[in-house]
């Protein structure tokens, strides 16, 4: 008799929680960040959105940081830098 090992796709939840601050009522005067996952055309999308946010919503500056690739999480130093330097961060994907 051959045994078959069945793996459960249900993950184990961690005990850590984090609170997410509310979104600001306005982007005027704020620094907006983009986390670029390196998928094709995200750089073009982020450039356009950043320009629109600056022109139409008064965003002070736009910062973009790139992950190593689309399949892995962002390095801790990238996340920490965005958290330190930005008021709002968008994580993006494009193709």
### Task
Determine the calculated [θ] at 222 nm for the chain from helices alone, applying -39500 (n - 2.57) to every DSSP H run no shorter than 4 residues and normalising by the residue count; nearest 500 deg cm²/dmol.
-8500 deg cm²/dmol
#### Entry: Among 72, 31, 17: highest mean-square fluctuation, GNM of the chain, C-alpha pairs under 10 Å
17
### Query
Given a Förster distance of 22 angstrom, what is the FRET efficiency for residue 40 paired with residue 88, based on the Cβ-Cβ distance and rounded to 0.05?
0.35
### Message
Tell me the angle of helix 42-57 to the major Cα principal axis of the chain, expressed in degrees between 0 and 90 and rounded to the nearest ten.
### Response
40
### Query
Between residue 55 and residue 8, how many nm apart are label points set 7 Å from Cα along the C-beta direction?
5.4
### Message
For Cα pairs less than 8 Å apart in space and 6+ apart in sequence, what is the mean separation divided by the residue count of segment 31-92, i.e. the relative contact order in percent?
### Response
54
### Isotropic mean projected area of the C-alpha convex hull, the chain (nm²)
9.6
### Query
Using Cα atoms only, what is the angle between the long axis of helix 76-85 and the major principal axis of the chain, expressed in degrees (0 to 90) to the nearest 10?
30
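Only the coordinates and a few stated rules stand behind these numbers; no lab work does. In this text, all values refer to a predicted model and were calculated from it rather than measured experimentally. Glycine gets a Cβ as well: all are built from the backbone with ideal geometry, and neighbour counts include every protein chain shown.
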